[in-house]
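Values in this text are rule-based calculations from the coordinates and carry no lab data. Everything quoted here is computed from the prediction, not taken from an experiment. Cβ: placed from backbone, ideal geometry, glycine included. Neighbour counts: every protein chain shown.
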Amino acid sequence: MAGETTFTVEVLTPEGEVFNGEVIQLSTRTVTGELGVLANHVPVLAALTPNLLRLKISESETKRYAQSHGTLQVFANRAQVLLEEAIPPEELDVSALEAEKANAEERLADDSLGEAARLDAKRDLERSEIFLKISQGD
C-alpha cells in the first residue's frame, strides 16, 4: 500500500547483524503470545520464544527467519530484536535439527538430570521442534 508508515528494525545475533532496515510490520512470538508491531507502537520489552520472525518490507516482500530465544525492545519507532539465532528457513539443516531433537529427548528421559540441565533440554527440544516445523513450511 502506498504511503504506509514504516519503522526501523534491527535483528542481531552473537554472530552479528542479520537485518537492519525499514519495515511495515514485525510479527513474532513472545512468552505470552503472538505480537505484531506497526509504526509508532507503544514501548515494549518482551522475551521471545522460538518461532517464525516475519518482517514485512512491502506488500510484495516479507523476510522470514527461524528465531530462537531472545528479546524484543520497541521504543521511539524502532524495534531491536536480540536473538541467539536468526536463520532463513531455507538454510535450516533438517538432519541436524532431527539429531538435536533426539538428543534433547534423550536428556529429558534421563532421571539423573538436575533441574538446570532439564530446563536446558526443554529449551533445546522446543527450539528443534519449532525449527523443524518452520523447515517444512509451517
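Quick look at the numbers
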| item | result |
| --- | --- |
| Radius 12 Å from Cβ of Gly114, net charge of other residues (Lys, Arg +1; Asp, Glu -1) | -2 |
| Cβ-Cβ FRET estimate between Leu45 and Ala102, R0 fixed at 41 Å, reported to 0.05 | 0.70 |
| Percent RCO, i.e. relative contact order, over the stretch 7-87, from Cα pairs under 8 Å lying at least 6 residues apart | 32 percent |
| Rg/Rh ratio calculated on Cα atoms of the chain (Kirkwood radius) | 1.03 |
| C-alpha long axis of helix 94-109 to longest principal axis of the chain, angle in ° | 50 degrees |
| Global size of the stretch 29-74 as Cα Rg and Dmax, reported in angstrom | 11.0, 29 |
| Total lysine pairs under 20 Å (Cα atoms) in the chain, excluding pairs fewer than 8 apart on one chain | 4 |
| Crossing angle, helix 115-135 versus the chain [Cα axis fit, 0-90 degrees, rounded to tens] | 60 degrees |
| Base-10 log of normalised Debye intensity for the stretch 92-135 (one unit scatterer per alpha-carbon) at q = 0.28 Å⁻¹ | -0.89 |
| The stretch 7-87: Cα Rg divided by the 2.2 N^0.38 Å rule of thumb | 0.96 |
